[in-house]
Amino acid sequence: MRTLIRWALGAAALASGIGVMATEAAAQVEATVAIDTEQPGPVIEPAVYAQFAEHLGKGIYDGVWVGPDSPIPNTQGFRNDVVEALRRLEVPAVRWPGGCFADSYDWRDGIGPRDQRPAHPNFFWGGVEDNAFGTHEFMDFVELIGSEAYLAGNMGSMEPRSMGQWVEYITGTADSTLTQQRRANGRERPWRVKYFGVGNETWGCGGNMTAETSAAMHSRYQTFIKAGPENGPLIRVASGSQGDDVNFTEVLMRDAGKHLDAISLHYYTIRHNWDKKGSATDFDEAGWTASIAKARQMDDYLVQHIAAMDRHDREKRVALYVDEWGNWFDGEPGAPALYQQNTLLDAITAASTLNIFHRHTDRVKLTAIAQMVNVLQAMILTDGPRMVLTPTYHVFDLYRPFQGAVPYPVGIASPSFKAGEFSVPVIDATAARGKDGKLWLALVNADPRRSAEVAVGLGRSATGRVLTADRINSHNTFDNPNAVAPRPYSARAGRDGLTLEVPARSVVVVSID
Ligand code: AHR
């Protein structure tokens, strides 16, 4: 007897969902996933689900901050709708203020009365930065959404003493001039800073350094970062490599590894090349497959960078933080810098990438998707008073049970889908024991047309949610915000055990009983 599948669909979802299921009934693939619950891995740190917010385009202004006098409903200047959406995601940490922006930023411009703060050109991204959103606003925002601060310090154009003074200003308790200044500016108690990034992309916008120079700079700068006595451990993160540049990681670990708590890695998924990245919404099955295949190259890059780290740090003391990742498409004409739509494809690549991170929890302790609101592969898009949650947001929502969970190895047997020059396995999966004690399984079906029957090999029933839509480029708009939204999903085992029907182009996350 086949597994009994029960789709609990709302009326609206039923209308769009039936067509999808009906046309897919004819073609289906079979796959198996085998979860090895005897081999638990290192915990999936909640910080693997961190966010990145840069002063760029509408990332901060309009996206997070509208100011206390705005007609858009806000709390002390922070948009209520965005704050509420982020609180739901249980965002573990937010990296700020860049990105490239960080290495041109002087934190002293962003404190004190807002109407007296200096305005400067935004050196990397254009426009004028009036510093209305500065240190107090960021730290208050992080508290408001229940998150942790990951500050990105300016190593490219600031002296180490000034960088260290930022941490003193925020976390200090002594009766120093800087803590007095903080109190005079309205904050009596110190804030807590959990992560401090030393520089950003030192091989590029952070100063065009060689790996050797970067290592020497990190050894010097990190010396002067010290948090106040009530802060708890402050994790110092060296700006690291990108993509497949393993030598940069190797040199950083060799020359500066003993001084570092973590090093970063950046990898963006570019469908074609930097000059022609491709459209976020206008692509065919070849484009869909290219993006998924390139996103999944993250696995190979992690293997290589972790091997380099292992050569210099067998105890795995230094963590690897993938603090910029995601799809980077061509911007839309007339749109703010790096603003792009977000489709079902982004959901598939986000879920695939999170699955990869779950396989490398021995080193990967934090990651930050780029970026949180209105920039690149965003969680949230805003337009004046309107807000829309993207398919990527819904993946992060579906994957919440994996924060702090204990991952299990998963053996996957799946056919592949080929279009254009790339081929990808249809089914990808991750499994973990959640903090709630439940066994959680996430399945990604990367096939644009065929559903998959996935034999799980354990359990009697599965309950959770599915994210799919009727087209590969389906996306949410301000006028149609729920074109791609999760729906309830459940299945019960038949005589042959538990088999889940995973719709074409979908992400399914279930707990298994
Ligand atoms: O996220 C956009 C930019 O990409 C960041 O500012 C930079 O670090 C990276 O190159």
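The values are calculated or read from the model by the stated rules, or taken from the named source; none is laboratory data. Computed from a predicted structure; not experimentally measured. A quick note on method: Cβ atoms are made from the backbone with ideal geometry, for glycine too, and the neighbour counts reach across all protein chains shown. For the accessible areas, the whole protein counts, side chains as well, though only heavy atoms, and no ligand, DNA or RNA atoms are used. Shrake-Rupley method; radii C 1.70, N 1.55, O 1.52, S 1.80 Å.
Overview of results
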| read-out | value |
| --- | --- |
| Fraction in percent of alpha-carbon pairs per bin - 10 Å, the chain | 4, 19, 30, 26, 15, 6, 1, 0 |
| Most to least packed among 372-381, 70-79, 88-97 [average Cβ atoms within 10 Å] | 372-381, 88-97, 70-79 |
| Equivalent ellipsoid semi-axes, the stretch 183-236, via Cα gyration tensor eigenvalues times 5, rooted, Å | 29, 13, 9 |
| Cα-Cα separations in the stretch 55-191 greater than 23 Å, expressed as whole percent | 33 |
| Carbon and sulfur %, accessible surface of the chain computed with the full protein complex present, 1.4 Å | 50 |
| Sorted largest first, extent of the stretch 149-200 alpha carbons per principal axis (Å) | 30, 20, 16 |
| Convex hull of Cα atoms in the stretch 276-335, direction-averaged projection (nm²) | 5.6 |
| DSSP-loop chymotrypsin sites (Phe, Trp or Tyr not before Pro) across the stretch 216-296, with at most 10 other Cβ within 10 angstrom | W274 |
| Stokes-Einstein D for the stretch 208-250, Kirkwood Rh over Cα pairs, 37 °C, 0.692 mPa s (µm²/s) | 272 |
| Largest-first ordering by accessible area, 1.4 Å probe, given options E159, E230 | E230, E159 |
| Cα gyration tensor of the stretch 148-268 - equivalent ellipsoid semi-axes, whole Å, descending | 29, 13, 12 |
| Rounded accessible area of S414 (nearest 10 Å², 1.4 Å probe) | 40 |
| Cα→Cβ-extended label distance, 7 Å offset, between A335 and R220, nm | 4.1 |
| Contact order normalised by residue count of the stretch 343-430, Cα under 8 Å, 6+ apart, percent | 24 |
| Eligible aspartates and glutamates near K418 by straight Cα distance, threshold 14 Å, same-chain separation 8 or greater | D284, E285, D447 |
| Helix runs (DSSP H) in the chain reaching 18 Å along axis by Cα, Kyte-Doolittle at least -1.0 | 11-24, 297-312, 344-358 |
| Whole-Å semi-axes of the stretch 409-513's equivalent ellipsoid (Cα gyration tensor) | 24, 19, 12 |
| Per residue accessible area of the chain, 1.4 Å probe, in Å² | 38 |
| Percent breakdown of C-alpha pair distances by 5 Å bin, ordered from the shortest bin, for the stretch 35-125 | 3, 11, 15, 20, 18, 14, 7, 4, 4, 3, 2, 1, 0 |
| CD proxy at 222 nm, helix term only [per DSSP H run n ≥ 4: -39500 (n - 2.57); per residue of the chain; nearest 500] | -7500 deg cm²/dmol |
| Rh (Kirkwood; distinct C-alpha pairs) - the stretch 246-386, Å | 16.2 |
| Two-decimal log10 I(q)/I(0) for the stretch 384-451, as the Debye equation yields it once each C-alpha is a single scatterer, q = 0.27, 0.28 Å⁻¹ | -1.14, -1.17 |
| The chain - percent relative contact order, Cα under 8 Å, separation 6 or more | 21 |
| Whole-Hz couplings from phi, Karplus 6.51/-1.76/1.60, listed for the stretch 50-61; x for Gly and Pro | 6, 10, 10, 10, 10, 6, 6, x, 9, x, 9, 6 |
| Entries of K294/K365; K365/K435; K58/K276; K226/K316; K258/K316 with Cα pairs more than 19 Å apart | K294/K365; K58/K276; K226/K316 |
